[in-house]
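Input: a single structure, listed below in C-alpha cells.
The values are calculated or read from the model by the stated rules, or taken from the named source; none is laboratory data. The shown structure was predicted, so the numbers you read here are calculated from the model rather than taken from an experiment. Cβ coordinates were reconstructed from backbone atoms using ideal geometry, including for glycine residues, and neighbour counts include every protein chain displayed. The protein model used for the area step is the full one, side chains on, heavy atoms only, and it has no ligands, DNA or RNA in it. Shrake-Rupley method; radii C 1.70, N 1.55, O 1.52, S 1.80 Å.
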Amino acid sequence: MDEKARAQTASKSAAGFRAADMVEDEMVVGLGTGSTVFYMIERLSARIREGLKVSGIPTSYQTAIRAREYGIPLTTLDDYPIIDIAIDGADEVDPHLNLIKGRGAAHTREKCVASAAFRFVVVVDEQKVVPRLSAPVPVEVIPFAVRPAMSQLREFGCLPVIREGVKKDGPVITDNGNFIVDCTFSEIARPAELEDAIARIPGVVESGLFCGFAEKTTLIVGNEKKCRIITSADIVP
Ligand code: 5RP
C-alpha cells in the first residue's frame, strides 16, 4: 500500500471509530454502506462484545452481510420507523453539508434510513470535503422508464450514463432491482433545487443528492491525527 492509500485508510478508520463511539446503549442505528462505514461496524461490534446493546438497520445487502458477520443484531424500518441515529459515508460534502452519495448504488435505502433518523452522522476523509459538489450524481431509475428518464436528465445539462457492472455483463442492478444512471454535470450550482427537479422525473426512485439533512448532520472528517467535527452550527450562511 502506498503512503497516500495508507493515510486514507487511517483517516477512514479514525472517522468510523469516532462515529461508533457516539452510539449509546439501547439505540437503533442506521448502518450505511461502504468502506468507511465498514470501520464503524468493526468498532460497534467490539463495543457490543463489551456489553453495548444496540440494533442496526442495514442500508444494503453488503452491510447486512457484514453486520451479521460482526454480530450486530439487525432490525427493520417496519419495526422502527423512527430511529436514533444513522451513520453513513459520502462521496462529496460541501460547506452547507449537502452530500453526493451512491458510489455503491445504495443511496435509496441510505436516504430512507437517514430520513428516519433523529441524528445523521456522516463519516468521510479530507479528500471528500469540497468547496462545491461536482461528482457525478447517481440516480436510481426503474428499468421500465430508463430511456425517457435519461432524456429528461439530459435537459438539466448533464451527461447521463447507465452504470455497468463489474464481474457482471450489462447494467448494475441495485438492491431494489433498478438501474443506476450516473449524471455528470459541468457544475452543480444549486444542489437542493437539482435534487427536487430530479425527484420529479417519472421513474426516478432517488438521486444521490442529499440536501435536506444539514440540520441533523454531524460530519466527522477523519484524519490520521485528529478528527474534525462539523455541524450545522458551523455553516456560514
Ligand atoms: C454507497 C455510498 C457510500 O456511503 C459512499 O460511496 C462512501 O463510500 P466509501 O466510504 O467507501 O468511500 O453512498 O452508496
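Which of the residues belonging to the stretch 196-234 are part of a helix (DSSP H, G or I) and open to solvent by 30 Å² or more (accessible area, probe 1.4 Å)?
Once the filter is applied, which keeps residues that are part of a helix (DSSP H, G or I) and open to solvent by 30 Å² or more (accessible area, probe 1.4 Å), the stretch 196-234 yields 196, 199, 215, 216, 232, 233, 234.
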Conditions: (1) within 30 Å of residue 11 (Cα to Cα); (2) crowded, with 19+ Cβ neighbours inside 10 Å. Residue 126 meets all but one. Number of the miss?
(2)
Those residues of the stretch 174-195 which are touching a Gly at 6+ places or on another chain (Cβ under 8 Å), without any contact (Cβ under 8 Å) to a residue 40 or more places away in the chain and not in a helix (DSSP H, G or I), in sequence order:
186
Going by the conditions given, is residue 237 surrounded by fewer than 18 Cβ atoms within 10 Å (Cβ to Cβ), modelled with pLDDT under 95 and either in a strand (DSSP E or B) or not assigned by TED's automatic domain parsing to the domain that holds residue 101 (or both)?
yes
Of all the residues that make up the stretch 144-171, how many are open to solvent by 50 Å² or more (accessible area, probe 1.4 Å), part of a helix (DSSP H, G or I) and over 23 Å from residue 189 (Cα atoms)?
3
Where the second residue is small (Gly, Ala, Ser) and assigned to a strand (DSSP E or B) and the first is in contact (Cβ under 8 Å) with a residue 40 or more places away in the chain and under 16 Å from residue 81 (Cβ atoms) and lies in the stretch 55-71, which pairs have Cβ atoms under 7 Å and are six or more apart or on separate chains?
57/30; 59/30
The helices (runs of 4 or more DSSP H) lying wholly within the stretch 1-101 that contain at least 2 residues that are within 16 Å of the ligand (Cβ to nearest atom), modelled with pLDDT under 95 and open to solvent by less than 60 Å² (accessible area, probe 1.4 Å) are 3-20
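Quick check: is even one residue across the stretch 99-110 among the polar types (S, T, N, Q), assigned by TED's automatic domain parsing to the domain that holds residue 218 and under 26 Å from residue 212 (Cα atoms)?
Scanning the stretch 99-110 turns up at least one residue that is among the polar types (S, T, N, Q), assigned by TED's automatic domain parsing to the domain that holds residue 218 and under 26 Å from residue 212 (Cα atoms).
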Using the structure shown, decide if residue 168 is more than 10 Å from the ligand (Cβ to nearest atom) and either in contact with a helix residue (DSSP H, G or I) (Cβ under 9 Å, 6 or more places away or on another chain) or more than 16 Å from residue 36 (Cα to Cα) (or both).
yes
